[in-house]
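Please read the structure below before turning to the comments.
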Amino acid sequence: MERMPKKPGGRKRRASASRPVRRPHSDASPPPSPSVPDAQSLLDVAGVMFICLDARGRVALANRKACDVLGVAPAEILGKDWVDAFVPERLRAEVKTVFRRLMDGEVAPVDRFDNPVLTRSGEERLIAWRNVLLRDRDGRIAGTISSGEDVTELRRAEAALAESEARFRGFFDNAPVGKSITAPDGRLLRANPAFCAMLGYSPEEMARLSFAEITHPDDLPESRECIRSLLAGERDVWDMDKRYRTRDGRTVWAHVTTRLHRAPDGTPLFFLTHILDITAWRRAEAEASAWRQRFELATAASGQVAYQCDASTGEILWSGAVEQVFGYRPEEMRGGFAQWESLIHPDDRAGAIRTLAEAEAAHAPYDAEYRFRHKAGHYLRIRDRGFFAPATGSPNAIVGMMMDVSERTRREALTRALLALHDFACDHTLAELLRKVLDEIGNLTGSPIGFYHFVEPDQKTLALQAWSTRTEREFCKAEGRGRHYGIDEAGVWVDCIREGRPVIHNDYASLPHRKGMPLGHAPVIRELVVPVRRQNRLVAIVGVGNKPADYTEADLELVGHFADTTWELVERKRMEERLRESEAGLARAQLMAGLGSWDWDIRGNALRWSDEVYRIFGVGRDFPLTLESIVERIHPEDRDRNRAFVERLLGGAEPNEIELRVVRPDGSVRHIHQRVETRRGASGAVEAAFGTILDVTDRKAAEDRIRHLNSLLLAIRNVNQLIVHEKDPDALVAAACRLLMETRGYRATWIARLDAGGKVAGFAEAGLGAAASPLHARLKRGEMPSCCRIARDAADTVLMLDPPADCGDCPVAQEYRGDAALAARLEHDGRIHGVLATMLPRHFAEDKEERALFKEVAGDIAFALHAIQAEASRREATNQLLQSQRLEAIGRLAGGVAHEINNFLAVILGHADLAIRDTREGDPIRRRLGPILDAAERAAGVIRQLLAFGRKQVIQPRVLDLNTTVAGLAEMLRRLIGENLELSLRTAPEPAWIRADPGQIGQVLMNLVLNARDAMPGGGRLEIGIALCPPDRARSAGLPEGPCVELAVADTGRGLTPDKKAHLFEPFFTTKGPDRGTGLGLSIVHGIVTQSGGAIEVESEPGRGTTFRIVLPRSMEAPSGGDAPPPPRPSRGTETVLVVEDEEPVRRLVVEALRDAGYRVHEAPDGKTALQQAEAQGDLRLLISDAVMPRMSGRELAERLAERHPGLRVLFMSGYPSSALTPPGGGPLGAAFLQKPFTLDTLLRRVREVLDTGRAPDMPG
C-alpha cells in the first residue's frame, strides 16, 4: 500500500491491507503463496486492516480484517491491481500518478489520511490509513505496507451529530411559535423569528432588551415570581398567560411555558421559553362574552355541548351535541345535576363543584377543566365554561358550554414532554433517555408497559434496548435486555414490521398467531406498536401495552408522533456514545502502539519529550535532555548513522525517517522508528524539528519470528517429503539432520537411533564439526549426553539454556557455548526409536512454538523409522511364513520317505545282526557283514537328520545348562576348525538352563561352526557367546514373552548378500561350491531349534561377517542328576507275544528274534487277523504292532485287544516318529514306542522293559 503525499487542496488517499507481511515478489513472478497458519494468525487477529503492495501496485499480502472490509476472500485479492480493483473510478488516475511518483522516490509518504475504497458490493468505505515504504536489501523502494481502520461509521456519526445540532437550531429558528432564551438575570440572549415578528423587533434589537422591558407592567410581578420560583427550584416548569408590549406600543396576549436549564453542577444557565400568541383568542373571548347566548347556541353546530341548568331543581337541558361528544343520547342525560356529578372523574369532582359554587357566590363566570366519562367508559378532558344568567327568567339559571380539550391537552403535554426530553438528553445516557421516552409515552397514553427495540442494519434482527420504569418495576422480570433475535422469531408485537404500519391489538388473547410469553413476563391484555423509519429503512419499533381502556387512533397518532420526533434525540445520543467509544478506543490504541513524540527548538536548544518517549528509552523524567545524553543511549553500532541523519536534518535535507536501536539503562535493547518534520525560519535555515518515535521492538521480533517459523515449516515440509521417499533408516536420519541444518539454520543437529533394547543402533549428524567424533565414540560406548538421556525418558521436548553447565564435559556443549540445546525423543506408538538433538540460539529455543514444532519434526522422523521397521518386519514375517510352509511340506515328505526307508533299514540291520551272531570271529562272511551293518547305521543317521530337518525326529529333551554343554564341546570345535581360526567362548555369568536334547544342541553348534569355518578360508575370528535375556527379547524373536537364553555364533568371514540370506534355511540351498555341501546343515539347524521351541536369527552383510543368534526359552528348573548308566544286555523271556506288522520282512525278523530269545510268538499281517489269533490265546501278555497299517491302525487294534485281555502290554514300532502318530487324546494306556530302524538288542531290551515295567521311554532304534 502506498503512502500518498500531501497535495495542495487535496485529500489524503490510501489503499488497504489483508495478510501477513512478506517480501514483495518480482514483476515476473506470481503473488507469493499464503503464509503459514501461525504467521497468518499474527496479523489475522489484528483489529485493523493490513495491506502490502509491490512496486507495481499489486496486492502481495492482505490480512483477514482487510478481506472482511473489502468483502473478498484472501485468494481473490492477492495479485490484484489495487487501484483498478479497490479505488473508486473518479480517483484512480490521480492515485496511480501519485503511487508512481512515490515508487520513484519523487514524493515522500504521508503518515495518516482518509481515503475511500470500493468494496466488492460496490459500496464505498472511508479508511483512515497509516503506511510505510518497503525497501529491498539495497535500499530500493520495493512497495508499501499499510494499516487501515474503517472510519466510515465514525465520520457518518460526526456528520449526523452536526446535522442533529443544525436540526435543533433549525427547529428553534423555524418554529411557528415564539421561542426565547433568557439569562438568569433577565437579559434576552436569543429570540427566534416568530417571537421577533410577534413583538415587531429585529433579532439584534431583541438581544439588547430584557424580559422586563417587553412585559406588560400589570403582568411583571407574576413574571418575576416565575423567575424566582424556577431559580429556587420550587417548580420545574411555569405556565401562564401574560401580555407583551410590542415595539409600536400595542399589547399582545401569549401563553408562555418557561423551563430553567442548569449545568451538571446545578448552576442556572438559561431559561427556555415557548410563547404562543393568544391575542386573537383573547379578543375572541372578549367579544364572545357580549354575544354569549347567541354564541352558545351556535356552538351546538360546531360539536361543543351547550347546556342550561335550573339550579333550583337540578334539571339540566343538554344540546344535541352531547351524543356527538360524550356518546349519550339526550334522553339518557336527564339525571340532572346528580348525573352530572357522577360522570365527573372522582379525582376532579370536588374541584369542579367548588368552582361552580365560588362562581355562584361571586356572581361571576366560571371556567373549569375536569375529566368527564364517555359512554364507552373512558374519560375526556373537557373545559366547562359558563355563568349564571338571570336574563333567562330564573335567577338560578346556569348557562354553559362543555368543550372536549383532550386533544389540546394531550398535545400540550406532548410538547412539554418533548421539550423536557431535549433537556434530559443533554446530561443523561442513551439507556436513561430511552427509559424516559417510554415513561413519557406511558404517562400520555396511560400504559404501564413500554418497550423500545432497535432494528439492526440487516433488517432481520431486533435488539431489545429498554423497558419503561413501570415495566421493570411492576410487570416484567424476564431476562432479555440487550438480547438480539430474529424478527421471524418474534410474536405478534412485530406485526408492525410485517405489515409495514402501526398496529393495535386490543384483544391480545384472541390473536391466533400469538406465541406466548417468556418466563417472568407480565400477561399482555392489549398493545400498540409503531415502527420508526428513516430513509425508507426501519430503525426502531416502540410499543406500549395494558392501557385500562382500548387503544384509539388518537393513541396511535400520539405514540407514532412521539416515537418519530424523539428518534432524532435517540440517534444523536447513539452517535455521541459511538463517538466517545471510538475516541476512547483511539486513545487506547495510541497508548498500546507505543508511539511517542518530541519537539526540538534548535535556536533555543530546547528539547521536549512525551511520556511515551521516556518509557521507550527506559528513563525517568530526571533524564537530562541533551544531545550528548541521548547519543549515549543509542546503540554504538547505530551512532554513525544517527549522526549523519542529524547533519542532513540541520543542513536542510529531508531525511524524514530512520530506524535505530537504543540501549536502556538496564541493558535491554529497543528498536525505534523515528519520523521527523522540520520548520524553517525566514532565512531558510532549520529552526525547529518535531517528530514521532515508535517502539518497533515487538514488530522486529515478530518479523524475525515469522522468518524463523517459515524456515521451520519449510524444514517440516522437506522432512515430510524425505520420509515419504527414503526407506533406509540410516540414510533417513542423515538426510533429516542435513535438511534441518540447511533450512533451519541450526548450529548443529544429530540423531542417535536406538534399538528395541535401548542401545545405540545408528548415528547421524550435521554441523558438529570437531565434536562429531568424540560424541560418536561416547554413543558407541553407551554413554549418552545429558540432553539425550533426559529426552529419552521424557515425553516432552527438553530445553537446556546453559548446556555447558547442564551437560558437563559433553563435547557438543563445550563446542557451542552461548547457545541452547533442544532434544526430543523419536517416539511413535509407544516405541522409542532414538533421540533428536540440536544446538540453536537461545531466543529461538525459548519460543514455545519453536519447541512444539521441533517436537513435531521428531514425531515425523519417528513415524518414518517406525514405518520402515514395520515394513521390514512385514517382509520378514512374510518370508518366515513362506519358509515355514516350505519346511512343513518338505518335512511331511521327509517323514513319509523316512518311514519307508526305516522299514528297509530295520530288515537290513536285523538280518545283518543275526548273521553276525551266527558266525564266528575271523569268519570272512562276518567281515563282509560288518560294512553292511555300518552302512545301514549310517543310513539310519541320515534318516534321523532328515527327520530333524522336518522337526519329526524322536528327541529326548531334558533340562541342561547351555554354559556347560557348549564348554564341553569347545575343545572338539577347536580341533574341527583348525589352527588358522581364533575361537573365543563367552558364557553367561549365571546358569543358562534350557530344555533340549543335548545331542541336538551339539549338532546345531557343530553345523554353525563348520559353516563359519568354510566362510573364513583365509583365517579369522569365531566368537561363541551365551547371554541371559529379558522377556521382551523373546517377543522380538517371535516367541512368547518370557525369560530366554541367547546363543550367538559370529564370524568375520565373507558375509552374505540379502538374496542369499532370504534362502539360507531352505533345504539343499548352499553357498559353497559343487561337492562341498548337501545344503541340509542350516535346514537341520532350523528344524532342531524350532522343534526345541526356539527361534534363529541371522545378521550378515557382505564383507562384515555373519552372526547367528539362537533364542531358546529359559527353564526355571535345575537339571536332574548325572548321565544314566549304559543300558544292560537284553535278557530272555517266556511270555506270549503277538507281533502285527504289514511288512512281512520286518515281521519275520521280529518273530525270529523273539523266538530265539525264548518268547512264545504269534504273528499276524494285519489287525483283523491279529484279533482272530488273540481269541485263541488265553495268556497274551504283549502286543508288538506297527503303528500305521492299512484298514486298522495299531492304536485301534490295541484298544480292542485291551478289552479282552486286561493288563495287556503294548509296544508300537514305526518308521514315523511317535509325535507324528499320537492323535489328540494320546495313546492307549501302557503303550510304548520303538523307532525304526532298530537293532535286535534294542528290540529285545525294549520288550523286556515293557513286560517288566508296563512302559518304557520312547527310544529310537
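The values are calculated or read from the model by the stated rules, or taken from the named source; none is laboratory data. Model, not experiment: these values are computed from the prediction. As a convention, Cβ positions derive from the backbone with ideal geometry for all residues, glycine included, and neighbour counts pool all protein chains shown.
Of everything in segment 77-117, what is in a loop (DSSP other than H, G, I, E, B) and farther than 22 Å from residue 64 by Cα? Give them in sequence order. 104, 105, 106, 107, 108, 109, 110, 111, listed by residue number. The criterion of at least 3 residues that are at pLDDT 90 or above and of a type outside the set (Val, Ile, Thr) is met, among strands (runs of 3 or more DSSP E) falling completely within segment 964-1056, by 981-986, 1020-1029, 1044-1051. When segment 682-697 is filtered for residues that are farther than 19 Å from residue 614 by Cβ and without any contact (Cβ under 8 Å) to a residue 60 or more places away in the chain, the ones remaining, listed by number, are 682, 683, 684, 685. When every residue of segment 312-320 is checked against the conditions, none turns out to be buried (at least 17 other Cβ atoms within 10 Å of the Cβ), within 17 Å of residue 382 (Cβ to Cβ) and either among the acidic types (Asp, Glu) or at pLDDT 90 or above (or both). Among the residues of segment 326-333, are any touching a Pro at 6+ places or on another chain (Cβ under 6 Å), without any contact (Cβ under 8 Å) to a residue 60 or more places away in the chain and either surrounded by 13 or more Cβ atoms within 10 Å (Cβ to Cβ) or not aliphatic (A, V, I, L, M) (or both)? No.
In segment 185-193, the count of residues that are modelled with pLDDT under 90, surrounded by 14 or more Cβ atoms within 10 Å (Cβ to Cβ) and over 29 Å from residue 232 (Cα atoms) is zero.
Tallying residues that are of a type in the set (A, V, I, L, M, F, W, C), at pLDDT below 80 and either more than 18 Å from residue 852 (Cβ to Cβ) or touching a Gly at 6+ places or on another chain (Cβ under 8 Å) (or both) within segment 787-825 yields 3. Taking segment 334-350 as the range and being out of contact with any helix residue (DSSP H, G or I) (no Cβ under 7 Å at 6 or more places or on another chain) and either surrounded by 14 or more Cβ atoms within 10 Å (Cβ to Cβ) or aliphatic (A, V, I, L, M) (or both) as the test, the residues that pass are 335, 336, 337, 338, 340, 343, 345, 348, 350. Here residue 221 meets each of (1) in a helix (DSSP H, G or I); (2) at positive phi with one exception, condition (2).
Looking at segment 654-672, can you tell me whether even one residue there is over 42 Å from the mean Cα position of the chain (by Cα) and of a type in the set (A, V, I, L, M)?
no
Residue-wise test of (1) modelled with pLDDT of 90 or more; (2) assigned by TED's automatic domain parsing to the domain that holds residue 111; (3) over 38 Å from the mean Cα position of the chain (by Cα); (4) outside any helix (DSSP H, G or I).
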position	(1), (2), (3), (4)
566	no, no, yes, no
570	no, no, yes, no
573	no, no, yes, no
576	no, no, yes, no
579	no, no, no, no
600	no, no, yes, yes
603	no, no, yes, yes
607	no, no, yes, yes
638	yes, no, yes, no
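Using the structure shown, decide if residue 459 is surrounded by fewer than 14 Cβ atoms within 10 Å (Cβ to Cβ) and either out of contact with any Ser or Thr (no Cβ under 6 Å at 6 or more places or on another chain) or within 23 Å of residue 547 (Cβ to Cβ) (or both). Here the answer is yes, as residue 459 does meet what is asked. Kindly indicate whether any position in segment 945-963 is closer than 26 Å to residue 1215 by Cα, β-branched (Val, Ile, Thr), modelled with pLDDT under 85 and not in a helix (DSSP H, G or I). Yes, segment 945-963 contains at least one residue that is closer than 26 Å to residue 1215 by Cα, β-branched (Val, Ile, Thr), modelled with pLDDT under 85 and not in a helix (DSSP H, G or I). Within segment 235-250, not a single residue is surrounded by 13 or more Cβ atoms within 10 Å (Cβ to Cβ), assigned to a helix (DSSP H, G or I) and not assigned by TED's automatic domain parsing to the domain that holds residue 658.
Scanning segment 613-626 for residues that are out of contact with any helix residue (DSSP H, G or I) (no Cβ under 8 Å at 6 or more places or on another chain) and either in a helix (DSSP H, G or I) or of a type in the set (Ser, Thr, Tyr) (or both) turns up 613, 614, 615, 616, 626. Restricted to segment 768-818, and to residues there that are β-branched (Val, Ile, Thr) and outside any strand (DSSP E or B), the residue that is nearest to residue 845 (Cα to Cα) is 797.
The single residue among 867, 821 that is assigned to a helix (DSSP H, G or I) and either without any contact (Cβ under 8 Å) to a residue 60 or more places away in the chain or not acidic (Asp, Glu) (or both) turns out to be 867. Among residues of segment 762-785 that are not assigned by TED's automatic domain parsing to the domain that holds residue 746, none has a Cβ under 7 angstrom from a residue that is not small (Gly, Ala, Ser) at a sequence gap of 6+ or on a separate chain. Only one of the numbered conditions (1) over 30 Å from residue 226 (Cα atoms); (2) surrounded by 14 or more Cβ atoms within 10 Å (Cβ to Cβ) is violated by residue 159, and that is (2). If the condition is being modelled with pLDDT under 80 and under 17 Å from residue 748 (Cβ atoms), then segment 842-861 contributes 844, 845, 850.
Residues are listed down the side, and each one gets a yes or a no for (1) outside the structural domain of residue 1056 (by TED's automatic domain parsing); (2) modelled with pLDDT of 85 or more; (3) among the β-branched types (Val, Ile, Thr):
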position: 1093; (1), (2), (3): no, yes, no
position: 1109; (1), (2), (3): no, yes, no
position: 1120; (1), (2), (3): yes, no, no
position: 1124; (1), (2), (3): yes, no, no
position: 1160; (1), (2), (3): yes, yes, no
position: 1165; (1), (2), (3): yes, yes, no
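For (1) touching a Lys or Arg at 6+ places or on another chain (Cβ under 9 Å); (2) surrounded by 15 or more Cβ atoms within 10 Å (Cβ to Cβ); (3) in a helix (DSSP H, G or I), each residue gets a yes or a no:
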position	(1), (2), (3)
1142	no, yes, no
1153	no, yes, yes
1158	yes, no, no
1162	no, yes, no
1171	yes, yes, yes
1174	yes, yes, yes
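Determine whether residue 137 is part of a helix (DSSP H, G or I), within 30 Å of residue 673 (Cα to Cα) and not acidic (Asp, Glu). So residue 137 fails the test. Closer than 28 Å to residue 284 by Cα, among the hydrophobic types (A, V, I, L, M, F, W, C) and part of a helix (DSSP H, G or I) - does that describe any residue in segment 177-195? Looking for residues that are closer than 28 Å to residue 284 by Cα, among the hydrophobic types (A, V, I, L, M, F, W, C) and part of a helix (DSSP H, G or I), one finds at least one in segment 177-195, hence yes. Among the residues of segment 89-109, is any within 26 Å of residue 42 (Cα to Cα) and in contact with an Asp or Glu (Cβ under 9 Å, 6 or more places away or on another chain)? Yes - at least one qualifying residue is present in segment 89-109. Would you say residue 793 is closer than 16 Å to residue 832 by Cα, touching a strand residue (DSSP E or B) at 6+ places or on another chain (Cβ under 9 Å) and of a type in the set (Asp, Glu)? In short, yes.
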